[in-house]
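Comments concern the structure below.
The values are calculated or read from the model by the stated rules, or taken from the named source; none is laboratory data. None of the values given here were measured: they were computed from a predicted structure. Positions of Cβ are generated from backbone atoms using ideal geometry, with glycine treated the same way; all protein chains shown enter the neighbour counts. Each accessible area value is taken on the protein alone, full model and side chains, heavy atoms only, with ligands, DNA and RNA left out. Shrake-Rupley method; radii C 1.70, N 1.55, O 1.52, S 1.80 Å.
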Amino acid sequence: MSLHHPKVRRAAIAFILVTAVLDIVAMGIVIPVLPHLIEEFVGSNARAGLLNGVFVALWAGMQFLASPVIGSLSDQYGRRPVILISCAGLAADYVLMALAPNLWWLAVGRLIAGVTSSSFTTIYAYMADITEPEKRARAYGLIGAAFSGGFVLGPVLGGFLGEFGPRVPFWVAGGLSGVAFLYGLFILPESLAPEKRMRFSWGRANPVGAMMLLRRHAELAGLAIVNFLLYFAHHVFSAVFVLYAGLRYDWGPWQVGMLLALVGVLDMIVQGLLVGPVSKRLGDRMTMILGLCGGTIGIALMGWAPTGVAFIIAMLPNALWGLAMPTLQSLMTRRVSESEQGQLQGANMSVASIAGVASPLFFGWVYSESVEQGMWAPNPGLAFYLAAVVLALAALIGWITARRAEREEVTVV
């Protein structure tokens, strides 16, 4: 039966979601412990904050270079082989980082992880292959919920395992990525039919070439800016959250892991249960704006929160942020052909990766300056305030761009 048969399509969606969960659990496991492992090497919380930002930027930089290549390869050879190779590469990379004797080894590990984790572009393209355009917001919400499910289990496991040593979670992450590879090898079907494939071209498979796709339509370029700002703001968490929580609230790996699990639960609820009905009622544009505004309020409150309890309460409006990404993806995928979905996702990931390079460096520097005595900005929550400003700007640009696109569609009809 064809993948477009309802039963086969449901099974394929289940397969890709399980693969995504396994990958994200593996990534989430190391989140609570990687900054502390860096801190062990350098012996300073402030310097660890700066270096952790550098490490996140290295990861994002490799995604910037690799995502268009991986997206274009999946357009020619199919989604399945790309996903399998990436899972195997992640498994090997976590073992490398588990054995790392110094920061240089960790840096190499983050570079490799940036390449192998670029398969997330293929997961989004896979879902576009098997889902009708009008149902993609809900489908991307399911992917977001699967990612969130992985982040529920991953940081909890990472926090627990981190109590036995900062390297233990890396070994477990390697094992989980290996399981994802085996699962995909025996279960995951191919989603892209041979007649819908596009020949690989280096002209499209580089960051500049891939992003040329975004320039063909003014609304795609505007939405790509929203995508950039959204990721730029989000990286405040990967850059400074673990160290910020330890400094301001005295939270260790276990508490951080539990909090990240709570973030994942809230995100699962929003993306898995709310995106579909809310976008159906309000439309993709208004749902996206609602999510960006909720994130703006929540992240600003996080920077202000004087206690851990206040920080947790701020997570409630911030959870609405989960409405933004699926609807943004839905708005963009409607504007390209099936044979260009991989290229689009590669371009999107390149844009996100630019943010992933610049944002951790910026927020890591801001955090380092804000916690050092005598510096120009003695406020540990400053990075969160600045992230809120970035999200507010994304909401404004998203409103203008998507509204213009809707007017043009009406004019064409």
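Ignoring everything but the protein chains, give the 1.4 Å probe accessible area of HIS234 in square angstrom, nearest 10.
90 Å²
Rank TRP202, TRP251 by accessible area, highest first, at a 1.4 Å probe radius?
Ranked list, largest accessible area first: TRP202, TRP251.
Ignoring ligands, DNA and RNA, please state the percent of accessible area on the chain from carbon and sulfur, probe 1.4 Å.
70 percent
Please find, in a Gaussian network model of the chain (springs between Cα atoms separated by less than 10 Å), the residue of VAL263, VAL30, VAL42 whose mean-square fluctuation is greatest.
Residue with maximal mean-square fluctuation among VAL263, VAL30, VAL42: VAL42.
Can you sort LYS280, LYS135 by solvent-accessible area, 1.4 Å probe, largest first?
Order by accessible area, largest first: LYS280, LYS135.
Once you have a ≥ b ≥ c as the square roots of the Cα gyration tensor eigenvalues for region 262-308, tell me rounded if a/c is under 1.5, and otherwise prolate or oblate according to whether a/b is larger than b/c.
Taking the square roots of the gyration eigenvalues as a ≥ b ≥ c, region 262-308 is oblate.
If I ignore ligands, DNA and RNA and count only protein heavy atoms, how much of VAL309 is accessible to a 1.4 Å probe, in Å² to the nearest 10?
Spelled out: VAL309, probe radius 1.4 Å, area about 100 Å².
Cβ neighbours within 10 Å, averaged per peptide: list 67-75, 186-194 in order, most packed at the top.
Top to bottom by mean Cβ count within 10 Å: 67-75, 186-194.
Go ahead and set up a Gaussian network model of the chain, Cα springs under 10 Å, then flag whichever of SER353, SER330, SER148 fluctuates most.
Of the options given, SER330 has the highest mean-square fluctuation.
Using a 1.4 Å probe and counting only protein heavy atoms, arrange VAL18, VAL270 so the residue with the most accessible area comes first.
These residues rank, largest area first, as VAL18, VAL270.
In a GNM of the chain with a 10 Å cut-off on Cα contacts, which of ILE313, ILE16, ILE143 has the highest mean-square fluctuation?
ILE313
To the nearest 500 deg cm²/dmol, what mean residue ellipticity at 222 nm is calculated for the chain from DSSP H runs of n ≥ 4 alone, each contributing -39,500 (n - 2.57), summed and divided by the residues?
Helix contribution divided over all residues of the chain: -26500 deg cm²/dmol.
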